[in-house]
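The values are calculated or read from the model by the stated rules, or taken from the named source; none is laboratory data. Model, not experiment: these values are computed from the prediction. We place every Cβ from the backbone using ideal geometry, glycine too, and count neighbours over all the protein chains shown. Please note that ligands, DNA and RNA were not included when accessible areas were found on the heavy atoms of the full protein model with its side chains. Shrake-Rupley method; radii C 1.70, N 1.55, O 1.52, S 1.80 Å.
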Amino acid sequence: MDFTAASLMPKVRRQKLPEALLRHLLERVRQREISDGQIVLLAQWLDTNPEVPQGKWFKKFSGMIICGEGELIKIFLQPGQLPTGEEVK
């Protein structure tokens, strides 16, 4: 079989998130006052079934930055906060 690097990249998990992680993400949305519009942009991006790196990564939106590791989104940052990992376009 021929495996390429792209075929080994995970997709963002949208179901069956660990409960503690889901609570953490919801709390960050509230604390950082992330708008409904930004959540809609996130949902639209997730609808594309994006591939992400195995390790740490981040995706910039106009009013927030999401950071993840592998298939999981782990945190929401505000613009101006510094993410770590590989940027996903």
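For the reader, a short list of remarks on this structure follows.
- For the chain, the carbon plus sulfur part of the accessible surface works out to 54%, probe radius 1.4 Å.
- Within the listed set GLU51, GLU33, GLU19, the Gaussian network model of the chain (springs between alpha-carbon atoms below 10 Å) gives the highest mean-square fluctuation for GLU19.
- Theoretical gain in end-to-end length, ARG23 to TRP45 [0.36 nm per residue, Cα-Cα removed]: 5.8 nm
- The chain, dipole about Cα centre (Lys/Arg Cβ +1, Asp/Glu Cβ -1), debye to the nearest 20: 220
- Surface exposure of the chain, expressed per residue as accessible area with a 1.4 Å probe, stands at 67 Å².
- Pairwise label distance in nanometres, LYS56 with ARG30, each label 7 Å out on the Cα-Cβ vector: 2.7
- Residue by residue, the range 55-63 carries 3J(HN,Hα) couplings of x, 6, 8, 8, 9, 8, 10, 5, x Hz when phi is fed to the Karplus relation 6.51 cos²θ - 1.76 cosθ + 1.60 (θ = phi - 60°); x denotes Gly or Pro.
- Beyond 16 Å, the tail of the calculated P(r) for the chain holds 54 percent of the Cα pairs.
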